[in-house]
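What follows is a set of notes on a single structure, which appears directly below.
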Amino acid sequence: MTVQTARREPSISAGSRPGVILATVAVVQFLVSLDLSVVNVGLPQIGSALGFSAVGLTWVIHAYALTFGGLLLLGGKAADRYGQKRMLLFGLALFGLASLGGGFAAEPGQLVAARAAQGVGAAALAPAALALLTSTFPGGKARVRAFGIWSAMNAAGGALGVLVGGLLTEYASWRWVMFVNVPMALIALAMAWRSVAAEQVRARAGRPDVLGGLLATAGMGLLVFGVVRTDQHGWTSAVTVTTLAIAVALLAAFIYVERTTVRDPLVRLGLFANRSVLGANAFNLLVGAAMASAFYFMSLYLQRVLGNGAALTGVQFLPFAFGVIAGSVLAIKLGYRFAPRSLLVGGGSLTATGFAWFGFAGADGAFLTDVLGPSILASVGFGLCLGPLVSIATAGVASHEAGTASGLLNSSRQIGASLGLAALGTAAHDRTGRTVTPEALSDGYTFGLALCAVLLVAAVLVALTVLKGVSDDHR
């Protein structure tokens, strides 16, 4: 199969300013990461204010996860085909408008629709921003520094989202967990408009692979849908089995289409022959599963076992946020001397140790003795991994496929988070049983955190085997 390749001028061409581009991408990543966690703490108040049912309330989270996870590959390809700046501006505008609409929601359907639109915007802007960073900083110390800053903002947004959500919900209104995105989206829009030069398309890469796009979007959307619904329909239920079977069939059909199409494929399957891409995405999927689950378990442990309020729980996540930032800064320093794979192994091992330490917390535990230490250890390790992981996943990828590679990396993290949270959440629930006491809840949550440690050990093994010998040239 021969497909004409689109040739684009690098994003750092005339009119682009690397320093401002880095700042823009940092703001964008903070915004996307913040929104993954800022809503969670306010869910009880949202449910009461808008009259959500217990089942309906979960769709405040699921609507975002479905559209974000389902459309990431399409968003990455759109960035390659139509331009990183164009998709970045479109995504930011849609994200900001959806956040504004969600803040004014008067009934459940309006808020769920707004969250779904946020997911569409995030799926457009996240791959474009990461591809822009990759093409602007192709190598050397500048690349190490750029990805270190990106990873710090990525982690800070996710961790600080819990704090921001708790404070806004408790002292202002749950509506501000939506409104808070609007000024950041406007700032990022202005920065992107002024700092990023439009790409010059020399040749259109054939007709778009519409069928592949539909199959990938439907398959990934159904996969996420089937997994996130396991809180209501068990893994062995007819609903879950049927949904996941259809998702697998659609994804298998997608792979077949990508192998045989004469159009411009959504994902060139040859990308997976690149061991850097394959290994980084496998590592990312496992880390995504562990981190999403760990945030969930620790939030519940702090509130339901230790009895802390939403605002205090947010404050107690601050050491984790600062630890990730510290780890990301340390990764910049170490990245000048060590190969990215070495940082993945070291950082993954530290994070696994921190999660294993979490597993010893009990119902009579305390923040200072059972949470603070493992939080610092796990967060510093996680920070060490983030920048090198993105660098490996996009190294050696042609500029016209940077968006696709970025979409793949975001997809593996999102799918990992959905699968991990559903699977580990089920395991923790089974461990807790029907006795809802602090002891039983603590037993379930700490068991889930121990499983997170197992996932990190598996990620380290991926780095030691699949990535062996492939990342040393990407410093």
When a/c is below 1.5 the answer is rounded, else prolate if a/b is larger than b/c, else oblate, so apply that to region 371-426 with a ≥ b ≥ c taken from the square roots of the Cα gyration tensor eigenvalues.
oblate
So which lysines can Lys333 reach, going by Cα to Cα under 17 Å and dropping same-chain residues fewer than 8 places off?
Lys141
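Under 1.5 on a/c is rounded, so check that first for the chain, then, if it is not, pick prolate when a/b is larger than b/c and oblate when it is not; a ≥ b ≥ c are the square roots of the alpha carbon gyration tensor eigenvalues.
Rounded, since a/c falls under 1.5.
Where a ≥ b ≥ c are the square roots of the eigenvalues of the C-alpha gyration tensor, would you call region 106-208 rounded, which needs a/c under 1.5, or, failing that, prolate if a/b is larger than b/c, or oblate? If you can, show how the numbers build up before the last one.
Working: a/c = 2.60, a/b = 1.52, b/c = 1.72.
Oblate is the answer for region 106-208, as a/c is 1.5 or above yet b/c matches or exceeds a/b.
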Working out 0.36 nm times the residue gap between Leu330 and Thr260, then minus their Cα-Cα distance, what length gain in nm do you get to one decimal?
20.7 nm
So how do Arg431, Arg341 line up by other beta-carbon neighbours within 10 Å, fewest first?
Arg431, Arg341
Quick check: residue separation of Ala252 and Asp430 times 0.36 nm, minus the Cα distance between them. What number comes out in nm?
60.9 nm
To the nearest 10 degrees, the tilt of helix 140-171 (Cα long axis) against the first principal axis of the alpha carbons of the chain is 40 degrees
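Given only helices, namely DSSP H runs of n ≥ 4 each adding -39500 (n - 2.57), what is the per-residue ellipticity at 222 nm of the chain, to the nearest 500 deg cm²/dmol? Write down the numbers at each step before the final one.
Working: 18 runs with 350 residues, N = 475.
Value at 222 nm, helices only, nearest 500: -25500 deg cm²/dmol.
If Lys and Arg each add +1 and Asp and Glu each add -1, what is the summed charge of the other residues whose beta carbon sits under 15 Å from the beta carbon of Val257?
Values: positive: Lys77, Arg207, Arg259, Arg263, Arg268; negative: Asp209, Glu258, Asp264.
Overall, the nearby charge balance is +2.
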Within straight cross-link reach of Lys85, meaning Cα distance under 20 Å, which lysines are found once same-chain residues fewer than 8 apart are removed?
Lys77
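We did not get these values from a lab; they are worked out from the coordinates using the rules stated. Just so it is clear, the model here is predicted, and its values are computed rather than measured. FYI the Cβ positions are ideal-geometry reconstructions off the backbone, even for glycines, and counts take in every protein chain you see.
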